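So the structure is just underneath, and the comments pick up after that.
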Amino acid sequence: MYTAIRKYYVIPGRVDEFMQRVRVGFVPIISQVPGFVGYYVLEVRNDQVVTISIFDTRAGAEESIRRAATWVEQNIASLIQGLPEITVGEVRVRSTK
């Protein structure tokens, strides 16, 4: 299993709009990537958002980064400050209920 984690710095006061656009516009895109397992969006601090995408394969996680970059540029670039911080890696320890 692999994850792609993206951290965004959202323009103050625009987090709700960011979340709505992601929910409506990006979730349908990422859920179609081969190997998709799950997608989570966290508001971690004022005006900071972290997304976690989970895939069965590294290729899926890397494809999600490409699709996210294109979608962000076309749909929410005006809501964020700078570029997102991106991490892709293999899940080495896992625990579920």
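Numerical summary
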item: Test result for Gly60, crowded, with 18+ Cβ neighbours inside 10 Å and among the small types (Gly, Ala, Ser); result: yes
item: Search result, residues across the range 17-63 that are under 20 Å from Gly82 (Cβ atoms), in a helix (DSSP H, G or I) and of a type outside the set (Val, Ile, Thr); result: Glu17, Phe18, Met19, Arg21, Phe26
item: Odd one out for Ile54 among (1) modelled with pLDDT of 95 or more; (2) open to solvent by 60 Å² or more (accessible area, probe 1.4 Å); result: (2)
item: Counted residues, the range 41-51 - those being under 10 Å from the mean Cα position of the chain (by Cα) and buried (at least 16 other Cβ atoms within 10 Å of the Cβ); result: 4
item: Criterion: within 13 Å of the chain's Cα centre (by Cα), within 21 Å of Ser95 (Cβ to Cβ) and open to solvent by 20 Å² or more (accessible area, probe 1.4 Å) - qualifying residue of Ile5, Ile29; result: Ile5
item: Verdict on Arg14 being open to solvent by 30 Å² or more (accessible area, probe 1.4 Å), without any contact (Cβ under 8 Å) to a residue 24 or more places away in the chain and among the basic types (Lys, Arg); result: no
item: Failed criterion for Gly38 (all others in (1) under 11 Å from the mean Cα position of the chain (by Cα); (2) open to solvent by 60 Å² or more (accessible area, probe 1.4 Å); (3) of a type in the set (Gly, Ala, Ser) hold); result: (2)
item: Residues satisfying the stated conditions in the range 63-97, i.e. small (Gly, Ala, Ser), more than 11 Å from Met1 (Cα to Cα) and either in contact with a Lys or Arg (Cβ under 8 Å, 6 or more places away or on another chain) or open to solvent by less than 80 Å² (accessible area, probe 1.4 Å) (or both); result: Ser64, Ala68, Ala69, Ala77, Ser78, Gly82
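The values are calculated or read from the model by the stated rules, or taken from the named source; none is laboratory data. None of the values given here were measured: they were computed from a predicted structure. Here Cβ is always computed from backbone atoms with ideal geometry, including for glycine, and neighbour counts include all displayed protein chains. Please note that ligands, DNA and RNA were not included when accessible areas were found on the heavy atoms of the full protein model with its side chains. Shrake-Rupley method; radii C 1.70, N 1.55, O 1.52, S 1.80 Å.
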